[in-house]
Number of protein chains: 2
Amino acid sequence: MEHQDYAGIFKALSNPNRLEIFLQLSRCCTPGTVCSKTDIDVRCVGDLGSGLNVAASTISHHIKELYRAGLINMRRSGQNVECWIDPETLHMLSGFFTSQGQEE
Amino acid sequence: MEHQDYAGIFKALSNPNRLEIFLQLSRCCTPGTVCSKTDIDVRCVGDLGSGLNVAASTISHHIKELYRAGLINMRRSGQNVECWIDPETLHMLSGFFTSQGQEE
DNA sequence: TCTATTATTCGACATATGTCGAATAATAGA
DNA sequence: TCTATTATTCGACATATGTCGAATAATAGA
């Protein structure tokens with residue numbers, strides 16, 4: 001989290017499908033924890049995309065965008081790629097709007 | 001704030017110039033307070049755009065987008081149009097990321 | 001080494017977005 | 001009513017974005 005490109009972060013969350021992926025990840029397990037079969041059987045493309053009606057390649061692309069924005073982390077695990085919310089970025093965002101609240 | 005289109009809100013904040021306008025508004029006065037000459041001499045197009053290097057029509061367009069997203073309010077005051085942050089939406093956003101923090 | 005499974009890369013393409021300048025609108029104050 | 005000031009609307013256009021399917025890559029397990 002060097003420079004914090006907030007516009008870039010918001011851009012990543014501006015697409016409904018991408019936001020949905022983000023929300024699913026934030027729901028399936030506590031941020032910082034890997035979301036994988038251990039918990040609720042969530043792997044990247046296959047499972048995150050199952051609810052959305054988009055091609056696997058599109059999911060892959062969206063996940064990369066979330067990763068680029070710093071919102072999520074990813075790691076290959078065998079044939080799967082596991083994703084999980086980046087807790088630091090989430091915390092930063094939480095503070096962003098809260099601090100805007102009381103002037104600044 | 002009926003339906004809360006978060007993706008739409010993030011889209012509004014995803015453009016650097018629009019984000020800058022939003023931040024200027026959140027700085028110039030406490031949310032809920034009108035930002036106008038009374039305080040720090042901030043009116044919409046003229047002043048909000050002065051820092052950014054874009055045409056007045058573009059600023060006007062961006063402000064409308066922020067308004068559509070529910071992030072700001074606006075009101076005509078003579079020749080000027082005054083803008084100010086919508087405190088409810090801001091509060092909602094603040095809660096959005098915070099609640100994502102602890103699973104949900 | 002071959003096959004199945006999962007994920008990514010790579011064009012391609014339709015649509016959305018950001019931006020401008022010119023024209024128009026809204027208002028205040030001679 | 002005329003003029004100046006501020007803001008918005010309206011094309012126009014270049015660029016960005018979301019999406020797909022086919023091809024390719026990465027891995028596990030016969």
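A short reminder: the numbers here are calculations on the coordinates, not readings from a lab. The structure presented is a predicted model; accordingly, all values stated were derived computationally and were not measured. Cβ atoms come from the backbone with ideal geometry, glycine included; neighbour counts cover every protein chain shown.
Numerical summary
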| read-out | value |
| --- | --- |
| Cut-off under 5 Å, modelled amide H: who pairs with B:VAL81 long-range | B:CYS44, B:VAL45 |
| Inter-chain Cβ neighbour average for residues A:12-20, partner chain, 10 Å | 4 |
| Segment B:VAL54-B:ARG27, extension gain: residue separation times 0.36 nm, minus the distance between their alpha carbons | 7.7 nm |
| Segment B:PHE96-B:ARG76, length gained on full extension (0.36 nm per residue, minus Cα span) | 4.1 nm |
| Copy-to-copy label separations for A:GLN79, where each label sits 7 Å from Cα toward Cβ, in nm and ascending | 7.0 |
